[in-house]
Amino acid sequence: MGTVTRGRLDTASIAGSAIFSALALILAAGSQAMGLNFPLVPYLQFDLGEVAIILAFFIFGPAPALVSSFVEFGGLMVFGQQIPVGPILKLIALVSTVAGLWAGTKIAARSGRTSFLRLAGWSTALGGAVRALAMTVPNFYLIVYLYGLPAIEALVRTPLAAIGIELTTSNALLVVLGFTAIFNVIQLAGVMGISSLVLRAPSIPRLRVGGRTPWFADVVEPPATTLPKDRR
């Protein structure tokens, strides 16, 4: 089945990983230049570079997507912002997202043939949940031990007050972590939406990459199993 036999590293997928890694870095740099910050927690920034990681996942599979994630991490360590904290958090976010996407495809394809809408839905749900949970721990340490809760409170107090949320000493950490989780879910939902527009183009499922169809096409409609010949 597609979710089991495909998505590993070979010549075609390595080449694809290189292409999507470069695209991820370009889009990430563009996002930084545009300053796509989350209004309620301004130090969080949306990253269009993840579109390339999502495309690498659905076209080549989980392993190539992980390779692209580590390549983007390396690029951000050289050209990114808030080094090394920013790139490290980004790597955790990407790896957890790929893990969640993979789990989502496994659930969507349990009964064999499925639809792209079901595949995208389960992938987004599991990817968002795993990512939000995985990012809570490092963000806790970031807020409490690296930057300090008072400094974070000062950054987010005004935008949160604008939507009627008042920070206190007892709720500040929980509120900031909660909105950080919401940010991560929104980030993945946004890049999944953009990626889905590309993947649902009529020509994409019929695309031949290294002589084969994209990985997600085999998940949506697994290749027929070849039955053993009758040797009577």
Computed over the chain: longest principal axis from alpha-carbon atoms vs helix 11-34 long axis, angle to nearest 10 degrees, is 30
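Take every Cα pair under 8 Å in the chain that's 6+ residues apart, average their separations, divide by the length, and report that relative contact order as a whole percent. Intermediate values should be presented prior to the final figure.
Working: 295 pairs, mean separation 59.2, N = 232.
Normalised by residue count, the contact order of the chain is 26 percent.
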Full-stretch length increase - VAL137, LYS106 - with 0.36 nm per residue and alpha-carbon distance subtracted | 8.6 nm
Measuring from the longest principal axis of the C-alpha atoms of the chain, the long axis of helix 116-141 (C-alpha) lies at a number of degrees, nearest 10, equal to 40
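Just how many % of Cα pairs in segment 47-170 lie over 18 Å apart, if you round to the nearest whole percent?
On the way: 4720 of 7626 pairs.
Value for segment 47-170 (Cα pairs over 18 Å): 62 percent.
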Using alpha carbons only, how many degrees (0 to 90, rounded to 10) separate the axis of helix 149-162 from the longest principal axis of the chain?
-> 80
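What do the square roots of 5 times the Cα gyration tensor eigenvalues come to for segment 1-92, in whole Å, largest first, as semi-axes of the equivalent ellipsoid? Don't skip to the answer; put the middle values down first.
On the way: eigenvalues 137, 33, 25 Å².
So the equivalent ellipsoid measures 26, 13, 11 Å along its semi-axes.
By how many nm would the segment from LEU155 to ASN171 grow when fully extended, if each residue of separation counts as 0.36 nm and the alpha-carbon distance is taken off? Intermediate results must be reported in sequence, preceding the final value.
On the way: separation 16, 0.36 × 16 = 5.76 nm, distance 1.52 nm.
Length gained, LEU155 through ASN171: 4.2 nm.
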Give the long-range amide H neighbours of GLN45: residues separated by 5 or more places, or on another chain, with amide H under 5 Å away, using H modelled in the peptide plane at 1.01 Å from N.
-> PHE38
Cα centre as origin, Lys/Arg/Asp/Glu Cβ charges: the chain dipole, Debye | 1160
Residue-span extension gain [ALA15 to ILE163] - 0.36 nm each, minus C-alpha spacing | 48.6 nm
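Could you work out [θ]222 nm for the chain from helices alone, using -39500 (n - 2.57) per DSSP H run of at least four and dividing by all its residues? Round to the nearest 500 deg cm²/dmol. Write out the running numbers ahead of the final one.
Values: 9 runs with 155 residues, N = 232.
Helices in the chain give a 222 nm mean residue ellipticity of -22500 deg cm²/dmol.
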For the chain, Rg(Cα) over 2.2 N^0.38 Å is 1.13
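Values in this text are rule-based calculations from the coordinates and carry no lab data. None of these values were measured; they are calculated from a predicted model. Cβ sites come from the backbone with ideal geometry, for glycine too, and all protein chains shown count toward neighbours.
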